[in-house]
Amino acid sequence: MSPQPSKAHESDQPALKDSQTKPQVVSSSVADAELSERLGNPMLTQTQSLLAALHLASPALPVGGFAYSQGLEQAIEDRWVTQVDQAYVWIRDVLLLNLARQELPLWLACHRAVLQQEWAALVTANQELYALRETAEFRLESVQMGHSMTKLFAQWPQGAALNALSIEQWTYPASYAALAAISGVDETMALTAYLWSWVENQALAAVKIIPLGQIDGQTLLHRLKGDVERAIEVARSTDPAHAGSAAFGLALASARHESQYSRLFRS
């Protein structure tokens, strides 16, 4: 049975000022044109593409994903999630009802924009990803992880070229999708890697907070594999122009987490 939201109060913690996190766009059509001229189409072997995807999905990638529970910690605090089956329902619902319908269609738009060298479309999708974040915590998480990802651009094939774009502040989904695309990782493999790292972080958060045993954590991961496939199907069938969700329980959990007395995670 899906956890039901309790009566939640508004967080009394001041929201971040827009100037602290709002993506800034600088007009640089000349730079964008120069970028398109010097970019090729990297062709990776199947092994190279798999290695790149595994690298992007690795917990060793220094973007700080381990520091965020994306509302799960508050759901456990409120006793909506107390054991492994409820953890599965929570993670599955966030994946299928929120990410698949809102974040992932725009993730795909970012990946495709880079492949087609449509830089204005990439900028727009990045702005929309920022605007659709439901709470101050979620916005801060996205831009902080996006900032960390941009520090890695120069280490990847052609990744440094992304620094020439007219995006001063990246969201995490946009930076991940853009880096995967410009490095030659195909759409399916890159999106699967992105979702697997998200699922893995959620399962590890559940293990730490509920707490669960390691076997329960592995059980969660096995159960969620099919949901990852379904999420990709939903994302591909959703027009980015219609991307959106109404996950009120998730938004309330995130807003309340801002003032949670004792916590391990930043969201």
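The values are calculated or read from the model by the stated rules, or taken from the named source; none is laboratory data. The model shown is predicted, which means the values in this text are computed figures rather than measured ones. With ideal geometry, Cβ positions are generated from the backbone for all residues, glycine too; neighbour counts draw on all protein chains shown. Accessible surface is based on the protein model in full, side chains and every heavy atom, while ligands, DNA and RNA are left aside. Shrake-Rupley method; radii C 1.70, N 1.55, O 1.52, S 1.80 Å.
Simple point charges give the picture: +1 on the Cβ of Lys and Arg, -1 on the Cβ of Asp and Glu, and for segment 85-175 a dipole about the Cα centre of about 200 debye.
For segment 114-223, the Cβ-based charge dipole about the Cα centre amounts to some 220 debye (Lys, Arg positive; Asp, Glu negative; other atoms uncharged). Spatially, segment 40-87 and segment 102-168 are offset by 17 Å when compared through their Cα centroids. Once the chain from Q46 to D239 is taken as fully extended at 0.36 nm per residue, the excess over their C-alpha distance is 66.6 nm.
Taking every protein chain into account, the accessible area of segment 145-267 amounts to 43 square angstrom per residue (probe 1.4 Å). Since only A174, S197, V207 are under comparison, the one whose Cα sits farthest along the positive direction of the charge dipole of segment 161-239, derived from C-beta charges on Lys, Arg, Asp and Glu, is V207.
The amide H of Q169, built 1.01 Å from its N in the peptide plane, has Q24 as neighbours under 5 Å, considering only residues 5 or more places off or on other chains. In this structure segment 63-112 gives 29 Å² per residue of accessible area when probed at 1.4 Å with all protein chains present.
Count the net charge of all other residues whose Cβ sits under 12 Å from the Cβ of T238, scoring Lys and Arg as +1 and Asp and Glu as -1. Walk me through the numbers before you get to the answer.
Details: positive: R101, R236; negative: E103, E233, D239.
Spelling it out: positives minus negatives among the neighbours equals -1.
Rolled with a 1.4 Å probe across the full set of protein chains, the surface gives I76 an accessible area near 10 Å². Can you list the HN-Hα couplings for segment 118-132, worked out from phi with the Karplus curve (6.51, -1.76, 1.60; θ = phi - 60°), rounded to whole Hz and with x for Gly and Pro? With the stated coefficients, segment 118-132 comes to 9, 5, 5, 5, 5, 4, 5, 5, 4, 5, 5, 4, 5, 5, 8 Hz. Per-residue Karplus couplings for segment 251-258, computed as 6.51 cos²θ - 1.76 cosθ + 1.60 with θ equal to phi - 60°, are listed in order as 5, 5, 4, 5, 5, 6, 5, 4 Hz, Gly and Pro entered as x.
Within segment 49-137, what whole-number % of the accessible surface is contributed by carbon and sulfur, with the 1.4 Å probe and all protein chains included in the calculation? The partial results should precede the final answer.
Working: 1870 of 3270 Å².
About 57 percent, which is the carbon plus sulfur part of the accessible surface.
Mark the label point 7 Å from the Cα of Q260 along Cα→Cβ and return the residues of segment 117-143 whose backbone N is within less than 20 Å of it. Answer for segment 117-143: 133-143.
The listed residues V185, V234 rank as V234, V185 when sorted by accessible area, largest first, using a 1.4 Å probe.
The phi torsions of segment 160-165, fed into the Karplus equation with coefficients 6.51, -1.76 and 1.60 and a -60° offset, translate into couplings of 4, 4, 5, 5, 7, 6 Hz, rounded to whole numbers, with Gly and Pro shown as x. The label-point distance for D93 and Q218, in a model that sets each label 7 Å from Cα toward Cβ, rounds to 2.9 nm. With all pairs of different C-alpha atoms in the average, the Kirkwood value for the hydrodynamic radius of segment 150-242 is 15.2 Å.
Placing unit charges on the Cβ atoms only, positive for Lys and Arg and negative for Asp and Glu, gives segment 158-267 a dipole magnitude near 420 debye about its Cα centre.
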